[in-house]
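Structure first, commentary second.
Derivation of every value follows stated rules applied to the coordinates shown; laboratory data play no part. Just so we're clear, the structure is a prediction, and the values are computed from it rather than from any experiment. So basically every Cβ, Gly included, is an ideal-geometry build from the backbone, and we count neighbours across all protein chains shown.
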Amino acid sequence: MSAWVLPDHIADVLPSEARHIEELRRGLLDTACSYGYELVMPPLLEHLESLLTGTGEALNLQTFKLVDQTSGRMLGLRADTTQQVARIDAHLLNRRGVTRLCYCGPVLHTWPDRPHATREPMQFGAEIFGHAGLEADLEVLELARACLDVAGVRGTSVDMADVRLVRGLLAGVEIDTETQRLVFAALASKDASELASLTKDFPATSRSGLRALMSLYGDSSVLDEAARALSGTPGIDGLLSDLRWLAARLGDARVTFDLSDLRGYSYYSGARFAIYAEGASDALVRGGRYDEVGAVFGRNRPAVGFSLDLKQVVGVVPMRALKPAIRAPWGEAEDVGAAISALRRRGETVVCVLPGRESEVDEFRCDRELVLAAGKWTVQAI
């Protein structure tokens with residue numbers, strides 16, 4: 001095998017796209033900062049139990065594992081940053097009030113999580129800890145939409161669900177972890193025959209409710225249908241009211257509901273959402289409430305957040321125009337060096353042409369040139 005061949009679903013990011021990703025990273029962090037979110041930088045590598053405790057089988061399968069050569073303990077390369085941020089909130093910050101945290105960094109997946117996806121996403125996310133009210137859910141949703149707006153994503157729609165609905169239907173049903181996983185998968189893929197096979201021995205109320213979920217997707221009228229079809233489900237009125245409250249406060253956003261959508265990691269505990277956009281084959285943003293994650297770190301308090309992959313977002317927006325630059329001659333003379341330095345201090349990009357060689361760039365467009373005219377270095381259009 002050639003030394004320059006990379007593993008499947010792993011790729012270099014070349015200059016123009018890399019600049020786009022970096023500028024987007026700065027824009028998203030600045031947007032989160034404007035909402036009062038503080039930046040944290042968890043390590044890429046952690047003890048395996050810290051990364052996986054309480055997260056379920058899906059994240060375990062996505063995590064690369066290795067042995068620490070200094071301690072002999074199992075380590076993991078993070079596949080998701082939420083668990084790490086929950087640990088930081090619980091153990092390192094340990095604040096009593098509301099904490100808003102954001103992050104941006106690479107994660108690694110053993111398998112791509114969707115067709116044609118990279119196994120090395122650049123994950124950006126934001127989390128609120130310490131507030132159980134819907135106000136925190138709404139703020140996270142608004143921030144997620146603001147981030148996509150900053151990125152230049154257009155034609156977005158918000159799809160909402162609540163995992164408590166399925167938990168209510170399964171309350172009192174004796175079911176092992178593997179069967180529950182298969183039920184969730186059948187609901188997410190809307191596989192009616194598989195769901196019927198898995199639930200044939202369930203109580204009649206649970207069985208009929210789960211089957212009804214598969215047709216409960218669409219606009220806000222779905223919530224009225226759910227209230228009728230699932231009237232005996234514990235907590236149904238409250239969670240449907242929560243979804244109505246959130247949807248009503250999203251302004252002009254296009255909002256849909258898919259009450260059987262259970263995709264993602266198993267730590268979600270309440271309302272959850274996904275944001276789709278024109279040109280994207282899958283959700284660009286996923287988030288929701290996960291009040292139980294901090295419990296594994298000894299501090300169980302409310303939490304809600306979202307994450308997105310910068311590489312995926314960059315792939316669905318138009319390429320940015322090349323950055324204008326100035327071409328300048330290379331020289332050791334003091335006057336040309338001073339002229340170039342002055343231009344750079346003003347924020348200009350100046351590309352020096354080395355003797356006998358033209359520069360080849362993908363990221364900049366040299367539309368002006370530094371030339372010596374009448375004894376002075378001046379910038380002229382090319």
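Couple of notes before you dig in:
- As a proxy for reagent exposure, W330, W4 were ordered by neighbouring Cβ count within 10 angstrom, fewest first; the result is W4, W330.
- Helix-only mean residue ellipticity at 222 nm for the chain, each DSSP H run of n ≥ 4 adding -39500 (n - 2.57), per residue, nearest 500: -10000 deg cm²/dmol
- Note on K65: lysines with a C-alpha under 29 Å away, same-chain residues under 8 apart excluded, are K311.
- Cα gyration tensor shape of the range 38-91, rounded if a/c is under 1.5, else prolate or oblate by comparing a/b with b/c: oblate
- Looking at the range 1-151, the DSSP beta bridges with both ends there are about 90 percent antiparallel.
- An oblate overall shape is assigned to the range 1-110, the ratio a/c of its alpha-carbon gyration tensor axes (a ≥ b ≥ c) being 1.5 or greater and a/b not exceeding b/c.
- The magnitude of the dipole of the chain, with charges of +1 and -1 set on the Cβ of Lys/Arg and Asp/Glu and taken from the Cα centre, is near 480 debye.
- The longest stretch of the chain left intact once loop-based GluC sites (Glu not before Pro) with at most 11 other Cβ atoms within 10 Å are removed from consideration, loops following DSSP, is 1-173.
- Centroid-to-centroid separation of the range 217-247 and the range 256-321 [C-alpha atoms, Å]: 21
- Prolate/oblate/rounded label for the range 38-190 (Cα gyration tensor, a/c 1.5): rounded
- Unit charges on C-beta of K, R, D, E only; dipole of the range 323-381, Debye: 240
- Sorted by Cβ neighbour density within 10 Å, fewest at the top, the residues D80, D201: D201, D80
- FRET efficiency estimate (nearest 0.05) - Cβ-Cβ, K376 to D113, R0 51 angstrom: 0.30
- Listed residues L59, T179, S193: farthest to the positive end of the dipole of the chain (Cβ charges): L59
- Listed candidates (1) 21.4, 68; (2) 25.0, 83; (3) 25.5, 92 - label of the one calculated as Rg and Dmax of the Cα atoms in Å: (3)
- The trypsin sites (Lys or Arg not before Pro) of the range 135-243 that DSSP puts in a loop, and whose beta carbon has at most 15 other beta carbons within 10 Å, are R154, K190, K200.
- Within a straight-line Cα-Cα reach of under 26 Å, K190 can be paired with the following lysines, leaving aside sequence neighbours fewer than 8 residues apart in one chain: K200.
- Cβ crowding within 10 Å, taken as a proxy for footprinting-reagent exposure, orders T82, T53 from fewest neighbours to most as T53, T82.
- Straight-distance candidates among the lysines for linking to K376, with alpha-carbon spacing under 27 Å and chain neighbours fewer than 8 residues away dropped: K323.
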